[in-house]
1. Counting only Cα atoms, I'd like the Rg/Rh figure for region 439-510, Kirkwood definition for Rh.
2. So what is the relative contact order of region 240-351, in percent, for Cα pairs below 8 Å that sit 6 or more residues apart?
3. In a shell of Cβ-Cβ distance under 10 Å around residue 14, excluding residue 14 itself, what net charge do Lys and Arg (+1) and Asp and Glu (-1) give?
4. Starting from the Cα-Cα distance between residue 439 and residue 281, subtract it from 0.36 nm times their residue separation and give me the gain in nm to one decimal.
5. Provide the packing ranking of 370-377, 297-304, 349-356, i.e. peptides ordered by the mean count of other C-beta atoms within 10 Å per residue, highest first.
6. Which of the peptides 327-338, 117-128 is most tightly packed, and how do the rest follow, going by the mean number of other Cβ atoms within 10 Å of each residue?
7. Can you give the local net charge around residue 128? Use residues other than it whose beta-carbon is closer than 9 angstrom to its beta-carbon, Lys and Arg +1, Asp and Glu -1.
8. Restricted to Cα positions, what overall size does region 272-372 have along the principal axes? Three whole-Å values, descending.
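Read the figures in this text as sums done on the coordinates, not as results from a lab. This is a predicted model, so every value here is computed, not measured. Counting neighbours? That spans all protein chains shown, and the Cβs are built from the backbone with ideal geometry, glycine included.
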Amino acid sequence: MADEKYNKINILSVNPQSYWLDSTEQTNYLSLKEDIHVDVAIIGGGMTGVTTGYLLKNEGLKVAILEADKILQGTTGHTTAKITSQHGLIYDKLRTQMGVEKAQQYAEANESAVQMIASLIKEKNISCDFHWRPAYVYTQSQNYVKQIINETRAAYELGIKAEYKEEVPLPFKVDAAVRFNDQAQFHPRKYLLHLAKEIPGDGSYIFEGTKAVDIHDKNPTAVITGDGKKVVAKNIIIASHFPFYDLPGLYFARIYNERSYILGVKIQESFPEGMFINAENPTRSLRSQKFEGGELILVGGEHHKTGHGNNTSVHYENLNNFASDVFQVQDVLYRWSTQDCMTMDGIPYIGRLTASTPNIYVATGFCKWGMTNSTVSAMMLKDFILKGESPWADVYNPSRFNATASAVNFIVQNADVALNFVSGKLLPSSLERDVKPGEGKVIEIDGQKIGAYRDKKNNLHLVDITCTHMGCELKWNDAETSWDCPCHGSRFSCDGDIIEGPALKPLKKFYNY
C-alpha cells in the first residue's frame, strides 16, 4: 500500500505533462512559405507520417511532411509506447468475424512491424530505451478465462509466440493470462526524432506550423494550406490522426474518438519484467520505463468516448487508487491523457482513401495500438506507392464493411452522434451565469448557449460551443480545461483554439460579456 503522504496528494496538482515530451527537446522546423512540388505529400507529423516519410525518402522519392503544430507531439507523444502485436483479445475475434486469411495478414503485419522497429534501432544505433519484453493480457474474472484460452490458441496458430498462463509476475492473483514473447517497449520520441532528422534535404522537407485545410483531388493532386500555399504531389497521404479530409469515404461516420489516461509513478519495489493489460473493464495497463537511474511506472486506462462524462478528473483518481492498491507508491511525477481513433470493427483503415482517388491514401483508426499499426501503415503505404499493392491490403482496406464486426457498433456510435447533435441544440440550459475561478460550464446569455471558463486569474473566457466540424454541441472537460466534441472528437482550448481535429476552424470568441 502507498504511504499516508501519497494518499493525500491532489492528483490534479501534478503537472499535466507527457514524460515523452518532457524528456526530449522540441523541434523547430520551418513553416511552408511558397508552393512546392514533391513526389509524396504527407499530412501529419506523427509516427505514421515520420516513418512513412523516412521509408519513402530512402527509396529515392522526394517527400514533404506537413504538420499543423510540432511533429511527434500529438497521440505519438502521449502513448504508452508498447511495441506489440498483442492488441487485447483480437485474434480469435478476427478469425471468427473476418476469416483466417485476414487474421493471418493482421498478425503478420504487426509482427513485421515489431521486427522493423527493432532492426532500425539496431542498424542506426538509436538510443531510445529499447528493451525486449513479454506482453501479457490477464483477467481476474472467470468470465474471460475461455476468451483467454481461445485467444492463445488463435494467436499461436497464426504464428505468434503465444503461451497460456495461470500466473503473471504481478503482485496479485489472476484467473488466466496469455503471454506474447518477443515483444518490446521504447521511448517513441527518441526513436522518431532520429528518423525525422534524416528526412529534410535533397528535395524533401518537414514543415511545422503548416496546416492542411483542403486537397485538390484532380490532376495534378495538391494539398492546400491555411494560408493558400500549395504542395503539388503525385501522391498524397493523410496521416493526420482523424482524417481532416473525411467527407470522401464518410470517415466521420465510421470513426469515433476515445480518451484514455496515464499516470507516471515511482514505486518502492522493482517492477516485474513485462508489459501488462487486463481483458475486462475498466482497463488497466502497466509497464515500466527507464527513468533517472531507476524506473517510472506507467499506469494507464480509464477510456471513454471523447466529450462524454462530466467529471473527467475522476479518471486520474481511479488510476491513482489502483496504483496505490497494487504498489508501494513513492510519488506521482506525471499525468497525461491521449486520444485514439476507433473503427467500428477494431481494425485500422490503411490504403486508398476511396476507389475514385487512387493517388490519395489514408492511415487512421489505430484503436490504441499505434506503435505497430503506424509502422504497418508506413510499410503498406510505401508498397502502395512503389508497387501498387500490399500483402496486407485486404484486412486493412478502408472501403471494407463487415456486417458481423461493424453493423451494431456503427448504429450505436452514430445514434450517439445524432443524440448529442440534437440534444445539445435543443435542450435549454439551467446553469447559472455565475462561473467560479477554475470552473467551466455552459451558460445562456440572451438566449444563446455560450461556453464559459474562468481561469485562476479571474479572467472569463467565452466561446461559441458549436463544433466547427459538423455542428455538434461541445462538452466541458474539467481535467484538461478544454471543450470536447462528443460526436467526432475535435477538441478546443478555453479560448476556442483547436487542440485536436478533425475541426479546421477555431471556435467563435465573445468579448462583450
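1. 0.94
2. Details: 174 pairs, mean separation 43.4, N = 112.
In percent, rounded to a whole number, it is 39.
3. Details: positive: 335; negative: 331.
Result for the neighbourhood of residue 14: 0.
4. 53.9 nm
5. Packing proxy ranking, top to bottom: 370-377, 297-304, 349-356.
6. Values: 327-338: 20.2, 117-128: 14.2.
The packing order, highest mean first, is 327-338, 117-128.
7. The answer is +1.
8. For region 272-372, the Cα spread along each principal axis is 57, 36, 24 Å.
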